[in-house]
Amino acid sequence: MLRGVPVVAGVRYAPVIRPGRLPVIDVGAGEASIDESVRPAEAERFVAAAAAVATRLRDRAAHATGAASEVLAATATLAQDRAWLGAAEKRIKDGTPVVQAVVQAVEQFVAMFTQLGGLMAERVADLQDIRDRVVAELSGLPEPGVPLPDIPSILCAEDLAPADTAGLDPKLVVALATTLGGPTSHTAIIARQLGIPCVVAVAGLDVVEVETMVLVDGTLGTVTVSPDPAVAGEAVAAAQREAERAAHWSGPGATADGHAVSIFANVQDGAAARAARETPAEGVGLFRTELCFLNRDTEPTVDEQTDIYAEVLEAFSGAKVVIRTLDAGSDKPLKFAGHPDEANPALGVRGIRIAEGNPGLLDRQLQAIAAAAKRTGTEPWVMAPMIATAEEAESFATQARSHGLIAGVMIEVPAAALLADRILEHVDFLSIGTNDLAQYTMAADRMSAELAALTDPWQPAVLALVAMAVRAGAAAGKPVGVCGEAAADPLLACVLTGLGVTSLSAAAAAIQGVGAKLAQVTLQQCQAAADAVLGAATAADARAAALAALGN
Ligand code: PEP
Ligand code: MG
């Protein structure tokens, strides 16, 4: 049994598939010219290989939806583009060995596309992707990227890039397990979106071969290699019963004995908010506004911002929506925020710290939020990211209130958790960002796969700081929620409830699981789990103690 970090709950038993590796393209040592007699056959072999690649891409496009489907269909069309096919064929007919001809023809078009710039330059990566696929086909190698399995399979990989996962069909790829990656890595985000069980940072996964049967447990964070089929079958069935309970859960958030905990959604734009409205989410606990502007070179105008914020407020009209002001910097730089060059951007000018050098940016955002509130007749709450001191909280609250908004702050820095009582003198609510709180408490980069065990939100030190902030909120009679990934873990959500949080905010795909789990346990069980976790020495002990207290 291999151990990793659990990311999305659920249990699956299926054979392993792996992404094909990129073919090693060795063109330098190839023969200078191929015999005239084989040139027509080689040209035909090339045309057939390009057609096979295009067909497979079209198949994947048909299985995918939305943007992923469009990306795959466009790549399939490019694979059949007459211009580059003709250029490669001509080279083969002139005697260039086939792989060399493919590489040279693609190089020629890459140079051309790059020179044209703009949209054409953006197709360079697609063309190189097609080159790798065609070369793999010609060389009899598995296609690079994720293969389309015939039967439900478990995708195991070192790590997954966005391109690997465009168009993954959750009916055929039923779980993910990776050697690298942390709970906030790209793999984790994709798994959550697809709603499939996922375990990351699994030591020893690399040697598990394709077609081996494995049991992935996204609740415990384990991958069992070649388990007893009967035992595996029972584990899947038990998890299935749990999932059915989750599917039937319709909110609102409460424990079995009726202790209410609001369950909110994390969203990044209007579309995500409308999708979240389809779940029992009672509102939005975290609207990550910076994600709307990652591709922007210039600051969006107040009117543009107003339209975007109004879309989210509209989707949840009549419900609570917490809008976070721009959390720019570190892993989410914004071109227009004027980030300085820094050796350690995660410890640098990010989040609220940007307002110091650029107060207008925050003010214009607050103006837009206030305008969106007026337009939609709603009363959004606003909160600032990366608050470290009571002074910063006070200054933000004053500015937000000057726009008529209800003001809170995120607790993501240990200093803010330690002095939460003093921060609460200035703001109306707190929201704990456990992703950054774990990063800063454990002095471990949240993007580092090697340090995933340290950035685990089950680390008792992180939970001790959460407990401090929650206690301060209770003493002040003000709400304290959790909006980091910790709130998306059904078991940890029960622990957080036991610690006393008043709301949990998670990705839409996680909401049913969290709500259903909470509905099965009593407040007393949650409190017992919270006590046990605070007394644990390691993240694994904390998890085991919570499982025992919550009757699992
Ligand atoms: C967090 O840090 O937990 C959080 C919710 O913010 P983000 O993940 O956007 O940094
Ligand atoms: Mg954060």
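A short reminder: the numbers here are calculations on the coordinates, not readings from a lab. All of these numbers come straight from a predicted model, not from anything done at the bench. Positions of Cβ are backbone-derived with ideal geometry, glycine not excepted, and every protein chain shown enters the neighbour counts.
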**Request:** State, as an integer percentage, the relative contact order of the chain based on alpha-carbon contacts under 8 Å between residues 6 or more apart.
**Result:** 15 percent
**Furthest towards positive pole of dipole, Ser250, Ala310, Ser503, structure part the chain, Cβ charges** = Ser250
**Residues Ala230 and Val24, FRET efficiency given R0 of 45 Å [Cβ-Cβ distance, rounded to 0.05]** = 0.55
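For the stretch 257-521, just say rounded, prolate or oblate: build the C-alpha gyration tensor, square-root its eigenvalues into a ≥ b ≥ c, call rounded for a/c under 1.5, and beyond that prolate if a/b exceeds b/c, oblate if not.
rounded
For the stretch 257-521, what is the charge dipole size about the Cα centre, in debye to the nearest 20, if Lys and Arg each add +1 at the Cβ and Asp and Glu each add -1 at the Cβ?
Working: 19 positive and 32 negative charges, 103 e Å.
With Lys and Arg at +1 and Asp and Glu at -1, about 500 debye.
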**Item:** Difference of contour (0.36 nm per residue) and Cα-Cα distance, Lys93 to His63
**Value:** 7.1 nm
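With n ≥ 4 as the cut-off for DSSP H runs, can you work out [θ] at 222 nm for the chain, using -39500 (n - 2.57) per run divided by the number of residues, rounded to the nearest 500?
Mean residue ellipticity at 222 nm (helix-derived): -14500 deg cm²/dmol.
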**Neighbourhood charge, 15 Å Cβ-Cβ cut-off, centred on Leu294 and excluding it, Lys, Arg +1 and Asp, Glu -1** = -1
**Asked** How much space per residue, in cubic angstrom, does the convex hull of the C-alpha atoms of the stretch 31-139 take up?
**Response** 85 Å³
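Go through 356-366, 465-475, 69-79, 490-500 and give me the packing order, highest mean Cβ count within 10 Å leading.
490-500, 465-475, 69-79, 356-366
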